[in-house]
Amino acid sequence: MLHERLREFRCKSVEKAREAGIPAYFLDESEGVLRVLPDGRKERILVSEGLPVVLPVGQMPFRQVRPS
């Protein structure tokens, strides 16, 4: 249940950020930061030798989020 609540929170956050035209950022539990851009592209941001490395992860499908 907690996993589902976290997933729903992230989906709502991404949708709100997309509507505002800004990226959403989440700490990735495995490594780095996950950035979801307003067009749905996902990127993982890592630090390697003190420099940021941005890796494409894929595309996030958009769905209607129910009001809370």
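The values are calculated or read from the model by the stated rules, or taken from the named source; none is laboratory data. As the structure is a computational prediction, the values presented were derived from the model and not from experiment. Don't worry about glycine lacking a Cβ; one is built from the backbone with ideal geometry, like all the others, and counts go over all protein chains shown.
Of all residues assigned to region 41-50, none qualifies as being out of contact with any Gly (no Cβ under 8 Å at 6 or more places or on another chain), at pLDDT 90 or above and within 18 Å of residue 6 (Cα to Cα). Scanning region 9-33 for residues that are in a loop (DSSP other than H, G, I, E, B) and modelled with pLDDT under 90 yields a total of 5.
Search region 34-58 for residues being among the charged types (D, E, K, R) and not in a strand (DSSP E or B), and hand back the single one that is surrounded by the most Cβ atoms within 10 Å (Cβ to Cβ).
Looking at residues that are among the charged types (D, E, K, R) and not in a strand (DSSP E or B), I get 39.
Quick one: would you say residue 58 is out of contact with any helix residue (DSSP H, G or I) (no Cβ under 8 Å at 6 or more places or on another chain), closer than 23 Å to residue 3 by Cβ and not acidic (Asp, Glu)? Even if it seems obvious, please write down each step before you answer.
Details: out of contact with any helix residue (DSSP H, G or I) (no Cβ under 8 Å at 6 or more places or on another chain): yes; closer than 23 Å to residue 3 by Cβ: yes; not acidic (Asp, Glu): yes.
Taking the combined requirement at face value, the residue satisfies it.
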